[in-house]
1. Can you list, largest first and rounded to whole Å, the semi-axes you get for chain A by taking the square root of 5 times each eigenvalue of its Cα gyration tensor?
2. Please compute the modelled spin-label separation between B:Phe131 and B:Arg32, points set 7 Å along Cα→Cβ, answer in nm with one decimal.
3. Using alpha carbon coordinates only, what is the Rg to Rh ratio of segment B:148-229, with Rh defined as the Kirkwood radius?
4. How many nm separate the modelled label positions at A:Gln72 and B:Leu159, each set 7 Å beyond the Cα in the direction of the Cβ?
5. Counting pairwise Cα distances across segment A:1-46, what percent come out greater than 18 angstrom?
6. What three numbers, in Å, describe the spread of the alpha carbons of chain B along their principal axes, ordered from the longest?
7. Would you calculate the convex hull of the Cα atoms in segment B:1-52 and tell me its volume per residue in Å³?
8. With r as the distance between the Cβ atoms of A:Lys55 and B:Ser215 and R0 = 41 Å, compute the FRET efficiency 1/(1 + (r/R0)^6) and round to 0.05.
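Taken together, the values in this text are just the output of simple stated rules run on the coordinates, not laboratory data. Nothing here was measured: the structure is a model prediction, and the numbers come from that model. Positions of Cβ are backbone-derived with ideal geometry, glycine not excepted, and every protein chain shown enters the neighbour counts.
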Amino acid sequence: MKEFRVLWIALLVMALASPIGLYLPRLVKAGGAWGEWGLDEIRQMIGYAPAGMKKTADIWKAPVPEYALPGQEGAPLSRLSLSYILSAFIGIGACGGGGYLLARWLTGRRGKSRA
Amino acid sequence: MHIPDGYLGPPTYLAAYAACAPLWAIAARRVRQTLSARQAPLLAIAAAFSFLVMMFNIPLPGGTTGHAVGGVLIAIAIGPWGAMLSLTIALVIQAFVFGDGGITAIGANCLNIAFLMPFTGYYAYSFLSRFFPSDKGKALAAGIGGWVGLNCAALTTALMFGIQPLFHTAPDGRALYSPYPISVAVPAILLGHVFLFGVVEALVTGLVVHYLQRSRSAWILHSAAGEAV
């Protein structure tokens with residue numbers, strides 16, 4: 001693990017800097033990503049909510065929707081930033097953990113040789 | 001570029017899952033054969049890295065936002081099949097925990113972002129670095145590879161959006177799923193990726209390769225060489 005210390009530190013720095021990705025779009029008054037509108041936005045854009053979309057759009061309720069802790073819709077940007085950083089750490093933990101388990105499962109059967 | 005739930009009709013998202021299933025199986029086998037114990041932690045680091053890269057939203061002033069992915073950089077480090085697994089992990093976590101990208105669309109998003117991006121970008125990189133084998137040349141090739149990979153993924157994402165009205169339009173002319181045709185979706189998505197998000201992807205890819213070349217971790221860049229497919 002020591003070999004990768006610099007890379008892990010880089011990830012920590014990225015997590016702490018992540019709110020840049022929250023502030024920058026607001027700074028220049030940009031909207032969301034194309035094709036990632038909610039049902040209400042779609043309704044405003046084309047005048048109706050597509051029937052099939054209405055049925056599947058909310059098929060899953062994410063525990064941390066849009067990288068904000070639940071109940072923080074419309075919270076001040078500073079609080080959202082904290083949520084964002086927390087999400088970044090959750091992401092590091094979940095992706096790192098998932099990647100670790102997968103790597104161990106895939107490489108584990110070849111014995112205990114270590115480089 | 002993460003397709004949410006409700007934008008793709010079942011034929012599209014089921015076909016995408018069906019296309020991904022054998023690719024995931026091949027990826028697992030390839031990685032099992034080629035990933036060394038020394039490289040194994042990179043699979044985890046890469047997944048976390050791409051997750052974080054995607055949090056940095058880049059705005060087109062007054063327009064839409066996008067982001068880089070880091071998929072080609074990861075492909076250069078652990079090979080395109082390893083990149084497919086790392087990016088799949090990030091996309092699955094994004095969908096289930098953060099609602100970024102749909103559950104039904106995981107196959108589609110993985111096909112675009114976890115498969116097409118690392119493969120097209122990696123091949124662009126290895127093709128170009130044959131002509132520019134110096135360190136600087138390879139860093140440049142990596143940057144161009146990043147641009148190519150992200151834009152390929154953006155194009156196929158746009159096509160998936162764009163074909164929905166062809167398959168799913170009610171008799172009264174209303175769309176059932178994503179409402180915009182190819183002629184709208186492709187320019188809307190590609191514009192930002194060609195001129196801005198892809199350029200950021202290129203810079204991130206090229207600069208990190210440039211840094212790694214001179215660091216003690218330079219071996220990371222050579223480990224995937226020669227075992228691409």
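1. Sorted largest first and rounded, they come to 36, 21, 12 Å.
2. About 4.0 nm, to one decimal.
3. 1.24
4. 3.8
5. Of all Cα-Cα distances in segment A:1-46, 57 percent exceed 18 Å.
6. Taking the Cα atoms of chain B, the three principal extents are 63, 38, 31 Å.
7. Output value, Cα hull per residue: 85 Å³.
8. With a Förster radius of 41 Å, E is 0.20.
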